[in-house]
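Written out below as structure tokens is the structure these notes cover.
Values quoted throughout were computed directly from the atomic coordinates according to the rules given, and no laboratory measurement underlies them. These numbers were taken from a predicted model, which means no experiment stands behind them. Heads up, the Cβs are rebuilt from the backbone with ideal geometry, glycines too, and the neighbour counts pull from every protein chain shown.
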Amino acid sequence: MAALAVQHKLLFLSNHQKWLPNTSLHKPICVGRVSFIHCSSSSPSPSQETRADTAEACVNLGLSLFSKGRVKDALAQFETALTLDPNLMEAQAALYNKACCHAYRGEGKKAAHCLRTALREYNLKFGTILNDPDLASFRALPEFKELQEEARFGGEDIGYGFRRDLKLISEVQAPFRGVRRFFYVAFAAAAGISTFFTIPRLFRAIKGDEGAPDLGETSLNAAINIGGIVLIVALFLWDNRKEEEQIAQITRDETLSRLPLRLSTNRVVELVQLRDTVRPVILAGKKDAVNIAIQKAERFRTELLNRGVLLVPIIWSEERRRPTIEKKGFGSSSRIPASLPSIGDEFDERTQSITAKSRLKSEVRFKAEIVSPSEWESWIREQQKSEGVIPGEDVYIILRLDGRVRRSGKGMPDWQEIVKELPPMDALLSKLER
């Protein structure tokens with residue numbers, strides 16, 4: 001759970017690792033100095049947990065309870081904090097963290113109400129909502145889209161941070177592009193100046209007046225200069241096109257990292273949160289083809305799990321809308337693999353802190369379910385266009401541990417080849433891939 005940074009002051013638990021939602025790296029940061037809101041470094045005793053009598057103490061206690069998975073109790077503390085005459089920072093923190101609790105409980109409307117109040121009345125920045133992993137499940141809901149539109153009309157910056165930095169990322173990946181363009185301009189200017197003086201000489205050579213320059217030599221000089229300008233302009237346009245393609249690829253990669261998945265524990269996470277943990281294999285196509293591919297993958301389940309493979313099946317929207325026809329008698333369809341395991345425990349008991357990477361690993365199973373199918377399908381179709389594949393064909397996409405596309409292909413994958421290709425998670429090559 002994230003506390004909010006307001007006026008360069010932080011809300012956090014002393015000697016506890018905290019998520020800072022306004023950071024770009026999303027790494028747990030352990031802060032060891034005195035904080036604005038402070039509590040003892042030891043775990044609160046049961047008596048302390050019932051004696052929070054200020055908004056500051058309630059926020060701290062709520063964060064502590066949330067870190068233990070006691071979401072319902074944490075929610076009660078944040079609600080209590082709002083009734084104890086909180087200042088601006090305390091109210092903002094209570095509302096924001098209350099929204100995170102509602103998001104974990106799947107209460108999208110309540111989460112949106114808390115965030116809307118924090119945005120309008122307590123100076124919450126929309127970028128915090130965009131970048132906090134604790135709100136990944138909320139960002140997959142229609143309520144987030146409505147909140148985003150309201151913020152856009154209100155003049156807020158609702159774009160993800162990477163969109164403001166696409167040019168910078170592109171320059172880092174192609175560091176000599178600026179140098180090349182400098183020489184393009186310099187050579188084009190030199191060729192243009194030379195052409196400016198050569199053309200009049202060429203006219204004189206064509207007229208053949210007394211003292212006119214040699215026609216052949218002047219024509220050759222003019223041709224070289226004009227050819228040089230054409231070549232440099234062509235190179236400049238080619239470089240621009242490559243930059244646009246690179247920016248489009250960076251945009252697709254970052255869009256992919258924001259797409260939501262539902263794990264076997266029913267928790268919704270964004271793909272970026274699984275980096276360094278799994279190698280997602282996206283199976284997109286018709287229902288029958290995807291189901292057959294999953295059945296074949298079951299034969300290599302142990303080997304694929306050892307390589308960190310996580311299956312992400314995606315059925316084209318046309319297939320999802322097609323009515324199911326129940327077959328009777330002979331010719332019944334083959335048994336399709338069971339869907340995600342059911343969750344028998346209460347939500348509060350299985351809620352875990354997003355900062356616990358080891359816990360997240362334990363939640364990842366062999367298959368995940370997509371959230372917001374239209375966004376996933378839109379990304380895949382854009383990827384197909386960039387690869388020259390007809391949108392709507394059956395395809396598979398294998399991602400690296402760092403979240404980038406490893407390779408893709410038409411149809412469904414050959415799992416035996418994938419087992420041979422991918423190194424085990426504890427191998428050196430996997431460590432280098434992170």
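Things worth noting here:
- Simple Cβ-charge dipole of region 197-304, Lys/Arg +1 and Asp/Glu -1, about Cα centre, in debye nearest 20: 940
- Cut-off under 5 Å, modelled amide H: who pairs with ARG406 long-range: ILE398, LEU399, ARG400
- Environment charge at PRO391 (Cβ cut-off 11 Å; Lys +1, Arg +1, Asp -1, Glu -1): -2
- Region 81-138, relative contact order in percent, only Cα pairs under 8 angstrom and at least six apart counted: 35
- Label-point separation in nm, GLU382 to SER219, each point 7 Å along Cα→Cβ: 5.3
- Cβ-based charge dipole, region 234-293, positive-most Cα from VAL278, LEU263, ASN240: LEU263
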